[in-house]
Amino acid sequence: MANNGEGLQQVRDIIAAAHKDCSLSEKLQFYDQWATRYEELHHCGFNLFHGLDGSAGMLEIAKKKDLYQELKQSMLGQEQLPYESEKYDAVVIVGALSDGQVPVSVLPELLRVTKSGGFVCMTTRSNISNLQYKAELEEGISSLQNKRLWEEVLVQEVQQWEKATSDKEITQKSDYIPGVIYIFRKMSPLPIAS
C-alpha cells in the first residue's frame, strides 16, 4: 500500500486529469475509467432516483448498482435533457459545473425538468482556475432569479472543498481549494391575468 503522500498524489493526478484541457472524448474516457470509484447517493438516504451522464462507463457501473429506476446518456449543456418538463422534485448536479466540464447553458434545462416548488442543487469550485466560470455561473443563476424563475434557499461557501490538484492552486494558508453549494427552489408560474 502506498504511503499517504503517494496516495494523495495519485488522487490529485486523477482529479487533475478530469480538469485538464482535453477533448470531449478524452474526458468521457476518463469518466469511464473513474466510474468504479463513483460514490452512491443511497448512502445518504436517497432511494428513488434517475441518473444522467455523458459517460457510458459511468452508466454501466450505475446500472450494476441496481439503484436507479432510469439511466440515460446525454451531454449536459450540449443538448436538451431527455426528460419531460416539471418531472423531478429535486435535481442535483455535483462536480460537473466547472471550467471545461458542463457549460452554464445547462441551467435553464435543470430548471425546466424540476417541478414547481422543487429544488435544484448545484456545486462549483472557487479555485483560481475556475473563477471565470464561477462568475458566469453566478450571472446565469442571478438571471434566472431576476426573472423570478427560482429563489435562493442556500448559497454556502466551503473553504476546504477539496484538495488542490495542482501546485498553482495551493496557497500559503491551505492545500485545499474552496467551493460553493447552491440550492434554489423553482418558483410557481405567475398566474395569468384575465
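The values are calculated or read from the model by the stated rules, or taken from the named source; none is laboratory data. Here the structure is a predicted model, which is why all the values come from computation and not from measurement. Here the Cβ is made from the backbone with ideal geometry for all residues, glycine too, and neighbour counts use every protein chain on show. Heads up: the accessible areas ignore ligands, DNA and RNA and are worked out on the full protein's heavy atoms, side chains in. Shrake-Rupley method; radii C 1.70, N 1.55, O 1.52, S 1.80 Å.
Quick look at the values:
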read-out: Residue list for region 55-99, filter: at positive phi and over 16 Å from the mean Cα position of the chain (by Cα); value: Asp66, Glu86
read-out: Selection count where residues are outside any strand (DSSP E or B), over 22 Å from Ile181 (Cβ atoms), charged (D, E, K, R) and at pLDDT 90 or above, scope region 66-123; value: 3
read-out: Those residues of region 59-103 which are small (Gly, Ala, Ser) and open to solvent by less than 50 Å² (accessible area, probe 1.4 Å), in sequence order; value: Ala62, Ser74, Gly77, Gly95, Ala96, Ser98, Gly100
